[in-house]
Amino acid sequence: MTEQRRIIAVGGGKGGVGKSIVAVNLAVAIARLGRTVALVDADLGSANQHTMLGIDRPGPSLYSVIRGEVRSLKDAMMRTIVPNLVLVPGAGAIPGSANLAEREKNRLLTEVRNLPVDVVILDVGAGISYEVLDLYILADQRIVVVLPQLTSFQNAYSFLKGAVHRTILACADTPSRRRIYSELDPSRETERITSVLRQLEERDPLYSSRVKARLNHFGAKLIGNQVVSAKDRGTLGAVGKMFRDFLLVDAEILGALRFNRKLGESINRRRPLAVLEPNDDCVRVIHRVATVLLNEDIEQLRRGREAMDGSDASSADEDDTLLSQIRALLTV
Ligand SMILES: Nc1ncnc2c1ncn2[C@@H]1O[C@H](COP(=O)(O)OP(=O)(O)O)[C@@H](O)[C@H]1O
Ligand SMILES: [Mg+2]
């Protein structure tokens, strides 16, 4: 069972875009498809999945584990009203709780990997702190929730860019590679990814090819939320393409949810809409999303991310095409 375990992270950078709504309804949808699911409320600082699932007094939380009050994340799992779905609650708003020490963060990452379920859904919360980004890049599959609004696109872009940077750092498997990364231009986080890769290529081609393999299989998936018009959909598609061009990671559109008052009401009723109204059209979209995600072969995805051999040569070619496209765009 654990071999098939997959981790799906739901992020988006901006608060209030619908990450938690998507995460909880996706968790219900996957549980209904017969998988055991742990919804982990990793919104460091403003956790509210327990409220959305009608749980008044969450027991031990993610923080109890970090603080060593319970032995493992497994001990913080709570049953929910949905068969097959357990919740690992986050703590309410504890000021400063979003700042984890490196050791605490690593422990948390290991614990998430070891949860005894088929599917882990991580609601990573808002912002682009390293805690959020590292949880996000840990996942096998990565969702980005965006509204068709400039500020949401802007934050989603910074979020993904931050995740790409943490991936580049995570690929640095030796002290010398970590040094290379830290010695990149001090403005590296505002630099274009293409230019970062070019600098890596010059200093350590093997490191650079590891990074390219990872980025080629990064696989961010966009969910448009509160999408109203056909024009919104068009914008979403164009933005996905722009993300790909600028960040060298895929950003396919996985689904679009319309503005739906019932989603807001479901929060006050403290039941996910997928529980209240399984036939609602937004719930159906989320079910389709669940099926697509489960159909993706994660073993293949993991192998692709580790690839460093011949297969990488072809991806390097693709990158070159992408690079020249971006160069063309930038010189217009
Ligand atoms: N498709 C939608 N239609 C109507 N309201 C929505 C929709 N998606 C989200 N909302 C509203 O937006 C608010 C924020 O959603 P939430 O999932 O908590 O965002 P986040 O986790 O990204 O901060 C909720 O209160 C909900 O009522
Ligand atoms: Mg949230």
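The values are calculated or read from the model by the stated rules, or taken from the named source; none is laboratory data. Because the structure is a prediction, the values reported are computed rather than measured. Neighbour counts run over all protein chains shown; Cβ positions are idealised from the backbone, glycine included.
Condition check for Y130 on (1) among the hydroxyl-bearing types (S, T, Y); (2) surrounded by fewer than 20 Cβ atoms within 10 Å (Cβ to Cβ); (3) within 16 Å of ligand 2 (Cβ to nearest atom): one failure, at (3). Look at (1) part of a helix (DSSP H, G or I); (2) crowded, with 20+ Cβ neighbours inside 10 Å and you find that V249 fails only one, number (1).
Looking for something under 15 Å from L135 (Cβ atoms) and in a loop (DSSP other than H, G, I, E, B) - is there at least one such residue anywhere in region 70-79? Checked against the condition, which is being under 15 Å from L135 (Cβ atoms) and in a loop (DSSP other than H, G, I, E, B), region 70-79 yields no hits at all. Selection of first residues in region 10-39 that are within 19 Å of V117 (Cβ to Cβ) and of second residues that are of a type in the set (K, R) and within 12 Å of ligand 2 (Cβ to nearest atom), restricted to Cβ pairs under 9 Å at least 6 apart or on distinct chains, gives the following pairs, ordered by first then second residue: V10/K19. Checked against (1) free of Cβ contacts under 8 Å to residues at least 12 places away in the same chain; (2) buried (at least 21 other Cβ atoms within 10 Å of the Cβ), R179 passes all but a single condition, namely (2).
With respect to being modelled with pLDDT under 95, more than 13 Å from ligand 2 (Cβ to nearest atom) and basic (K, R), R79 falls outside the description.
Of all residues in region 133-163, exactly one satisfies the criterion of being within 16 Å of ligand 2 (Cβ to nearest atom) and out of contact with any Gly (no Cβ under 8 Å at 6 or more places or on another chain), namely L135. Hey, among the residues in region 10-28 that are crowded, with 24+ Cβ neighbours inside 10 Å and in a loop (DSSP other than H, G, I, E, B), which one's farthest from ligand 1 (Cβ to nearest atom)? Filtering region 10-28 for residues that are crowded, with 24+ Cβ neighbours inside 10 Å and in a loop (DSSP other than H, G, I, E, B), the one farthest from ligand 1 (Cβ to nearest atom) comes out as G13. Residue count for region 29-47 under the criterion of being within 16 Å of ligand 1 (Cβ to nearest atom) and within 20 Å of I7 (Cα to Cα): the result is 8.
None of R179, R166 is out of contact with any Phe, Trp or Tyr (no Cβ under 9 Å at 6 or more places or on another chain), more than 30 Å from F259 (Cα to Cα) and either aromatic (F, W, Y) or more than 16 Å from ligand 2 (Cβ to nearest atom) (or both) except R179.
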